[in-house]
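Asks: Pasting a structure here, questions to come.
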Ligand SMILES: O=P(O)(O)OC[C@H]1O[C@H](OP(=O)(O)OP(=O)(O)O)[C@H](O)[C@@H]1O
Ligand code: HPA
Ligand SMILES: [Mg+2]
């Protein structure tokens, strides 16, 4: 398990998604957006709203079971973007970590533009545009993977109560 966590709230994700849209608007116009499910779906909705884009395709690459990594499998190819090899399409994901997922999609859509909200160093060469970098040993906690819960006061935690 990764020793550090970077917790992202819904508000922060919305702000960071809009910051990504600002960077992408000047690179358009885009034929459409390919959202990499499932993590890319919410950033894709935020960016699509800001870029006034209504053509949304999806690609499903299954790699992780919670925090355990396996071999990537294309569970659903981005059919609408395949013919043009992704030219003028924007591929969106929530983050790039090792780059395994984007490497698979890049093989399918070599001419697309690749964007993520967050990026770790090993995955950076695979992404064209991102907003925030975190260290490789940080696990990003997204709002859909977490919930708020009670935390005891510091004094009680320190006393082991
Ligand atoms: O750069 P990588 O090492 O490939 O890791 C990044 C990918 O891992 C996560 O998806 P995951 O496979 O967990 O599926 P999910 O989006 O359905 O949660 C994340 O949403 C990225 O798509
Ligand atoms: O840091 C991460 N957070 C959430 N999902 C992930 N999938 C790969 N890396 C991560
Ligand atoms: Mg994902």
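Just so it is clear, none of the values below were taken in a lab; they were calculated from the coordinates. Note that the structure is predicted; figures quoted are calculated from it, not measured. Reconstructed Cβ throughout: ideal geometry from the backbone, glycine too, with neighbour counts over all protein chains shown.
Asks: Which order do the peptides 92-101, 140-149, 15-24 take when ranked by the mean count of other beta-carbon atoms within 10 Å per residue, highest first? Walk me through the intermediate numbers first.
Replies: Details: 92-101: 23.1, 140-149: 12.4, 15-24: 17.2.
Answer by packing, highest mean first, reads 92-101, 15-24, 140-149.
Asks: By its C-alpha gyration tensor, with a ≥ b ≥ c as the square roots of the eigenvalues, how is segment 63-120 shaped: rounded for a/c under 1.5, else prolate for a/b larger than b/c, else oblate?
Replies: On the way: a/c = 2.52, a/b = 1.51, b/c = 1.67.
Oblate is the answer for segment 63-120, as a/c is 1.5 or above yet b/c matches or exceeds a/b.
Asks: Can you work out the PRE-style zone for residue 22? Point 7 Å along Cα to Cβ, and I want the residues of segment 99-115 with backbone N under 19 Å.
Replies: 115
Asks: Also: Rounded, prolate or oblate, given the Cα gyration tensor of segment 46-96, with a/c below 1.5 counting as rounded?
Replies: Note, shape of segment 46-96 comes out oblate.
Asks: From the convex hull of the Cα coordinates of segment 19-161, what is the mean projected area in square nanometres?
Replies: Numbers: hull surface 41.2 nm².
Result: a mean projected hull area of 10.3 nm².
Asks: Using only Cα atoms and rounding to the nearest 10 degrees, what angle (0 to 90) does helix 10-25 make with the longest principal axis of the chain?
Replies: With both axes taken from Cα atoms, the answer is about 30 degrees.
Asks: Grab the DSSP H runs of the chain that are 4 residues or longer, score each as -39,500 (n - 2.57), total them, divide by all residues and round the 222 nm result to the nearest 500 deg cm²/dmol. Mind dumping the intermediate values first?
Replies: On the way: 5 runs with 45 residues, N = 161.
Rounded to the nearest 500, it is -8000 deg cm²/dmol.
Asks: Just to confirm my numbers, what's the Cα centroid distance between segment 90-161 and segment 15-81 in Å?
Replies: Result: 14 Å between the Cα centres.
Asks: While we're looking at this one, here's another question. Can you tell me what percent of all Cα-Cα pairs in segment 1-72 are more than 20 Å apart? Walk me through the numbers before you get to the answer.
Replies: On the way: 1080 of 2556 pairs.
Value for segment 1-72: 42 percent of Cα pairs lie more than 20 Å apart.
Asks: Could you give me D for segment 116-161, from Stokes-Einstein at 20 °C and 1.002 mPa s, where the hydrodynamic radius is the Kirkwood radius over C-alpha pairs? Units µm² s⁻¹, please. Don't skip to the end; give the middle numbers.
Replies: Numbers: Rh = 13.6 Å.
Using the Kirkwood radius from Cα pairs, D works out to 157 µm²/s.
Asks: Per residue and in Å³, how big is the convex hull formed by the alpha-carbon atoms of segment 1-41?
Replies: On the way: hull volume 4.4 nm³, N = 41.
So the per-residue hull volume is 107 Å³.
Asks: Roughly what would the spin-label model give for residue 128 and residue 87, points 7 Å off Cα along C-beta, in nm?
Replies: Taking the two extended label points, one gets 1.3 nm.
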